[in-house]
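Shown next, in structure tokens, is the structure this report addresses.
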Amino acid sequence: MVTEGQGSEERRSAFLQLRVTPQMHAAIARLALDHDNITIRALVMNALKQTYGLDVPDAELRDQRGRQPRPAAATGD
């Protein structure tokens, strides 16, 4: 039974934490930046969807903080 102030089971979220080395964190952050400057969260959710076929709604792949994607820095190549 859902009482007032609680979300439905589908709308609630749970935390998932992953401890990685600083080098791996930097590599993951670089991947997120290189993939259209998405968040690490969106990168991981997208990887779980594509690799394992998990049901991840497109809304979950957007930045949850309302941040707008920044254009990638131009390189002087």
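Considering (1) open to solvent by less than 90 Å² (accessible area, probe 1.4 Å); (2) at pLDDT 95 or above, say which one Pro57 fails and leave the rest. So Pro57 meets the others, but not (2).
Can you confirm whether segment 36-53 contains a residue that is among the acidic types (Asp, Glu), at pLDDT below 95 and assigned to a helix (DSSP H, G or I)? Within segment 36-53 (the criterion being among the acidic types (Asp, Glu), at pLDDT below 95 and assigned to a helix (DSSP H, G or I)), the answer is no, since none of the residues qualifies.
The values are calculated or read from the model by the stated rules, or taken from the named source; none is laboratory data. These numbers come from a predicted model, not from an experiment. The area values use the complete protein model at the heavy-atom level, side chains included, leaving out ligands, DNA and RNA. Shrake-Rupley method; radii C 1.70, N 1.55, O 1.52, S 1.80 Å.
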